[in-house]
Every structure is written in C-alpha cells, then in structure tokens.
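The values are calculated or read from the model by the stated rules, or taken from the named source; none is laboratory data. Note that the structure is predicted; figures quoted are calculated from it, not measured. Just the protein is used for accessible areas: all its heavy atoms, side chains included, with ligands, DNA and RNA removed. Shrake-Rupley method; radii C 1.70, N 1.55, O 1.52, S 1.80 Å.
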Amino acid sequence: MTPARLGLFGGTFDPPHLGHVAALRAAAALGRFELIEVTVAGDPYLKGGGVRPALERLEMAHAAFDGLELVRVSDREIRRSGPSYTIDSVRELLDTTAQVDLIVGADLTDQLDGWREAAALRELVEVGVVPRPGGGAVHLRGWRYFEIPMTPVDLSSTFIREIAPDLENLRRYLPEDVIPFFVGTRG
Ligand code: ATP
C-alpha cells in the first residue's frame, strides 16, 4: 500500500507506555492519516547509553501498538546502521508517500531545530504536536504544525524505568502485553 498521508511517530520506547498509546489513538482519530508508522530508534544518539537493546524495544513496541487502528511498527531505523535520524526515515518514506507528518510530544518542540538537517526537515514535513502535562500553547517558529487534541497523560518512560514499579502498578502505566517483556528485561 502506498499511503497518501502518513504520520511518523518516532521514539526510543524504553518502554512503550500508555501515553504513547493515547498519542497514537488521538492521531488516528484526526482522520488525517491513512497510516501511522511507529519507528523505533536504533541508536538513540540524543539520549546516550543505558537504553535496552533495539530488538527488545522493537518487540515491546509490537506488543504495545500492533492492535491500534492505522498503526504499523517499523524497524527501519534499526536496520539502518549508525545513529537514527528522522530526516533519513522521512526521505525513505517520501519515496512511496505523498506527505509525511511528524507526530511528536510537546516536550520535543524545543528540540526540533537541533535535529539533523533541521532546515531540510522543516521543508519536508508538517509537525503534529501532542500535548504533555504542564505544557502551554505550542509555538513552533519556522515549522508548519498543527495540534493534536488529547487529554494529557502524565507518564514518561524515564519515570517508569526509575520507579521500577511493582507488577500491580505497572498495569497503570504499560499496555498489558508489554508487561512480560518489561519485567523480563529489566536490569
Ligand atoms: P523518556 O522518558 O525515556 O525520554 P518518553 O516517555 O518521552 O521517554 P520516547 O520514546 O522518548 O518516550 O517518546 C516518543 C514520542 O512519544 C515523543 O514524541 C514523545 O514526546 C512522545 N511521548 C512520550 N510520552 C508521552 C506522553 N505521556 N504524552 C504524549 N506524548 C508522549
């Protein structure tokens, strides 16, 4: 299938959590996309070391997102050697897609200008911004963007890793099918 308009939701997903699920549901509900690709970062150059191996994060992403409407989990950034750059994924996708929109949490809007080939990226994509708690109105100077309405979900992978919650609490944060992987791989 060659979608006319694709949403690209990239992340480290260490682990994928219910905030990500809510963001994907909200993006699908826009009626704007024919497909939403979740791209799991191979080598998260902006986050440094200490993350789980890419194949474990990919497996968790499949467990978390495979059942969601319009969503396809991709290993394109894992197959590519070297660091993961969004611009590379966008260029690949534009070979078969008329329009690619990035879907990002509001916490990332301050960082976009520092991404690899930001000027080129700015020309190629529109940015759909999902709210995160505590964020105010979104202002993305120089980028074409739109807001994705959603009730903010107060969750991050960092929080889940750091509190390493007990099994009962994990159910409040992680999709059910992710729990066995997360528990099985936590250090
Ligand atoms: P970490 O805490 O390790 O930085 P994270 O929870 O931000 O991780 P990522 O995998 O880095 O998760 O994020 C992937 C994408 O999901 C990013 O665009 C991020 O902004 C977005 N995102 C993460 N958590 C939420 C949330 N609770 N609500 C909306 N978007 C989110």
### Summary
A correct Karplus calculation of ³J(HN,Hα) over the range 75-86, with 6.51 cos²θ - 1.76 cosθ + 1.60, θ = phi - 60°, whole Hz and x for Gly and Pro, returns 9, 4, 7, 7, 5, 6, 7, x, x, 8, 10, 4
### Surface accessible to a 1.4 Å probe, per residue, for the residues of the chain, Å²
49 Å²
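What value, in deg cm²/dmol to 500, does the helix sum -39500 (n - 2.57) over DSSP H runs of n ≥ 4 give at 222 nm once divided by the residues of the chain?
Details: 8 runs with 65 residues, N = 187.
Result for the chain, helices only: -9500 deg cm²/dmol.
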### Query
What span do the alpha-carbon atoms of the range 5-179 cover on each of the three principal axes, reported in whole Å from largest to smallest?
45, 37, 29
#### Entry: Prolate/oblate/rounded label for the range 95-187 (Cα gyration tensor, a/c 1.5)
prolate
